[in-house]
Amino acid sequence: MMKWLLPVLLLSLPAAAALPAGIELTAQMERAVVPACPKERAHSLRLHWHNGKVTGTLAYLGLDLGCSRSGNTGAQGEGDALSVLLTLPPVDFAIDQLTLHLPGRTLNGPARLRHHNGDIMIDWQAEGSPLAIVLTPDQGGWRWRGILPGSLLLPALKQPVSMQGSWQPGQGLRLNAEAGLPAPLSGRLQLDAQLHTGEDGWFWDPGSRLHINRLNWQHLQLDELMLQPAAALPLGGIGRWELSWQGGRWQQQALPRAQLALQLNSYEHGSAELILSPQLQVKANWRWQQGLALELPEQRLSLAAGLAWLNRWLALPDVVVEQGQLVLALQSANVLSAAQPLILLARLEDGRLSRGELSATGVSGQLAGRWQQGRLRLNAGSGLTIEALSTGVPVTNIHAALSWRNNRPWLSGLTANVLEGRLALSPMPLSAHLQGELHIQDVSLASLLNLTTVSGLTGDGRLHGRLPFVFDGAVSVHNGRLWSHNGWVSYQAGEALRDSAADNMSLALTLGMLEDLRYQRLSADMTMAVDGEAVIMTRLQGRAPVGERMHPVNFNYRHQENLLQLLQSLRFAEDLSERLPAQWQGGKEQ
């Protein structure tokens, strides 16, 4: 670099102190440049001596933070090539334009440079705000503190930021800063950065950290965010970063910790990979253009891994996933704007799940809709389908419609086929605690009686009903009602009961009527405790043969049985029949 020989000589002249009062001296130099950093230069320097005081002016001073001043020759080279700023004569300067060169951009504005007790103090008008910095030379390097543009940290930070740091030849640069996040975000960030020089200039050391103790945006809160470079990155930040958080909340719902791998291809676009667990990663593309545009291309994920992750923060039933895939897609023109819709799609394909002895096959479904202005609106096609649910009683063609009301998911309706009839659930909110009503229509009485443990009991008719239920880890039914019109019931008593009827006329009469009871109305009241113990009070009104004539009959019957145990035995029998060889089920041996 060209030395400031003339100004130094001027200031060092012994005779200058003895000059008569009123004499003024002026020296000037047109240009000075740091050869290793062409953007670091000074133009039109003027030094003015008057009455023993020296002042200076500069038309232009350029500093380049992206340049290695040593030409990457190590600490000795750094010491031989200090910044043009630090080699200016130790006098006060008025600078018409101070330019700070950053990777891909510059900051400009007028400034004043002052010296005080060995410190260099710069007052600068840039980015529309008054800024200040104090440089203290220290062992061939410098320490510094002050108020600088927030865009030095992040392009979106418009307000000035309090910073401090240090630099020693061959040891890199340390930078500490603290600032508030730009709207619409809220929170405070703290930067502890280490920068070094390499062949391509300054770069971020992997030990650098940006910490946010709590970030808030709309209904989202994330705690203890940490951003760090995945490897040594250029000062401009282009490359791969790792972002992690230790928990948070979405509205009233707690969120687990996670990690995000963020790829910056430029300041305007890049990609991201959300690492929810070692088996579950979600990929996305982003673009910054008057807002943050985000796109999750349609991608397939493991349903088992997805449910395992959800179970870390949601009280989901203990479900085993035997197979299935989850398809995700998302798109938003600006996720930072509540007015811009967030278009989302989640699709379940080819699922097979089980819980205990229950199993579901052919499980598929879709959630499609948009999030806008703090509300989720699901499309009409959102729902769930199950081809078959094995409960001991075969339930097939299950179709559930889903919606979103009052900031929570709702079951808008559910239908299924069972025992030649239909089931339907009334609309209800979905949560760990469910309360609703099951409606029964046209269920075959003959098929239902075939499932009971009462030997010799048959019949036919169509059964209807409604069963109010509560699910809170187990199912209970209260005030359930069942009814049927115009059917028949037949009970063929066993030999022991017939022998008892031989000496009991009343029993013999009852058994005789039940051999062919034609009812006009069948009604039943049902309750079931959480342990499965059920009580069914049945009333039949109809006609039955007595002798050779049909007589009116009113028959009441109380039946008590554990339905959960019954279903369990039915599932066991069904499973056993599928597993036994054919010849053990009545086939002929070969």
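The values are calculated or read from the model by the stated rules, or taken from the named source; none is laboratory data. Values in this document were obtained by computation on a predicted structure and should not be read as measured data. Please note: Cβ atoms are built from the backbone with ideal geometry, for glycine as well, and neighbour counts cover all protein chains shown. All accessible areas refer to the heavy atoms of the entire protein, side chains included, with ligands and DNA or RNA removed. Shrake-Rupley method; radii C 1.70, N 1.55, O 1.52, S 1.80 Å.
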* For region 438-450, name all the residues that are out of contact with any Phe, Trp or Tyr (no Cβ under 7 Å at 6 or more places or on another chain) and either small (Gly, Ala, Ser) or within 19 Å of ALA416 (Cα to Cα) (or both). => HIS439, ILE440, GLN441, ASP442, VAL443, SER444, LEU445, ALA446, SER447, LEU448
* Regarding THR385, is this residue surrounded by 15 or more Cβ atoms within 10 Å (Cβ to Cβ), within 23 Å of SER359 (Cα to Cα) and modelled with pLDDT of 85 or more? -> yes
* Working only within region 166-188, note down all residues that are on the phi < 0 side of the Ramachandran plot, surrounded by 15 or more Cβ atoms within 10 Å (Cβ to Cβ), part of a strand (DSSP E or B) and in contact (Cβ under 8 Å) with a residue 24 or more places away in the chain. => SER166, TRP167, GLN168, LEU173, ALA177, ALA179
* All positions within region 444-460 that are in contact with a Ser or Thr (Cβ under 7 Å, 6 or more places away or on another chain) and assigned to a strand (DSSP E or B) -> THR458, GLY459
* Asked: With LEU467, LEU463 as the choices, which residue is touching a residue at least 40 places away in the same chain (Cβ under 8 Å), surrounded by 13 or more Cβ atoms within 10 Å (Cβ to Cβ) and closer than 30 Å to PRO409 by Cα?
  -> LEU467
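Matching residues to (1) under 30 Å from LEU344 (Cα atoms); (2) among the small types (Gly, Ala, Ser):
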position	(1), (2)
GLY381	yes, yes
GLY392	no, yes
SER403	yes, yes
ARG408	yes, no
SER426	yes, yes
ASP442	no, no
LEU457	no, no
* If we scan region 214-227, do we find a residue that is open to solvent by 30 Å² or more (accessible area, probe 1.4 Å), among the aromatic types (Phe, Trp, Tyr), in contact with a Ser or Thr (Cβ under 8 Å, 6 or more places away or on another chain) and within 30 Å of LEU63 (Cβ to Cβ)? -> no
* Asked: Of these, ARG312, ARG352, which one is open to solvent by 70 Å² or more (accessible area, probe 1.4 Å) and farther than 30 Å from LEU451 by Cβ?
  -> ARG312
* Here is a list of conditions, (1) of a type in the set (A, V, I, L, M); (2) under 24 Å from the mean Cα position of the chain (by Cα); (3) closer than 17 Å to VAL475 by Cβ, and LEU344 meets all of them except one; can you say which number that is? -> (3)
* Any residue in region 15-35 that is under 27 Å from PHE203 (Cα atoms) and at pLDDT below 50? -> no
* Asked: In this structure, does LEU463 turn out to be in contact with a helix residue (DSSP H, G or I) (Cβ under 7 Å, 6 or more places away or on another chain) and either over 23 Å from GLU548 (Cα atoms) or not in a strand (DSSP E or B) (or both)?
  -> yes
* **Considering residues of region 471-486 that are in a strand (DSSP E or B), of a type outside the set (D, E, K, R) and open to solvent by 40 Å² or more (accessible area, probe 1.4 Å) only, the residue nearest to ARG521 (Cα to Cα)** => HIS485
* Return the residue satisfying two criteria in turn: it lies in region 249-259 and is free of Cβ contacts under 8 Å to residues at least 60 places away in the same chain and within 15 Å of TRP309 (Cα to Cα), and of such residues it is most open to solvent (accessible area, probe 1.4 Å). => ARG257
* Restricting attention to region 398-443, which residues are in a strand (DSSP E or B), out of contact with any His (no Cβ under 9 Å at 6 or more places or on another chain) and acidic (Asp, Glu)? -> GLU437
* State the number of residues belonging to region 403-448 that are in contact (Cβ under 8 Å) with a residue 40 or more places away in the chain, open to solvent by less than 50 Å² (accessible area, probe 1.4 Å) and within 24 Å of VAL530 (Cα to Cα). => 1
* **Odd one out for LEU326, checked against (1) farther than 19 Å from GLU273 by Cα; (2) touching a helix residue (DSSP H, G or I) at 6+ places or on another chain (Cβ under 8 Å); (3) crowded, with 16+ Cβ neighbours inside 10 Å** => (1)
* From the options LEU276, LEU330, residue that is within 30 Å of ASP472 (Cα to Cα), in contact with a strand residue (DSSP E or B) (Cβ under 9 Å, 6 or more places away or on another chain), in a strand (DSSP E or B) and not β-branched (Val, Ile, Thr) -> LEU276
* **Residues (buried (at least 18 other Cβ atoms within 10 Å of the Cβ), more than 47 Å from the chain's Cα centre (by Cα) and at pLDDT below 80) located in region 45-81** => ALA81
* Asked: How many residues does region 399-422 contain that are modelled with pLDDT of 95 or more and hydrophobic (A, V, I, L, M, F, W, C)?
  -> 1
* Structure fact -> Taking region 355-375 and keeping only residues that are open to solvent by less than 30 Å² (accessible area, probe 1.4 Å) and in a strand (DSSP E or B), one is left with ALA360, GLY362, VAL363, GLY365, ALA368, GLY369
* Scan region 454-497 for residues that are modelled with pLDDT of 90 or more and farther than 30 Å from PRO429 by Cβ and report the count. => 7
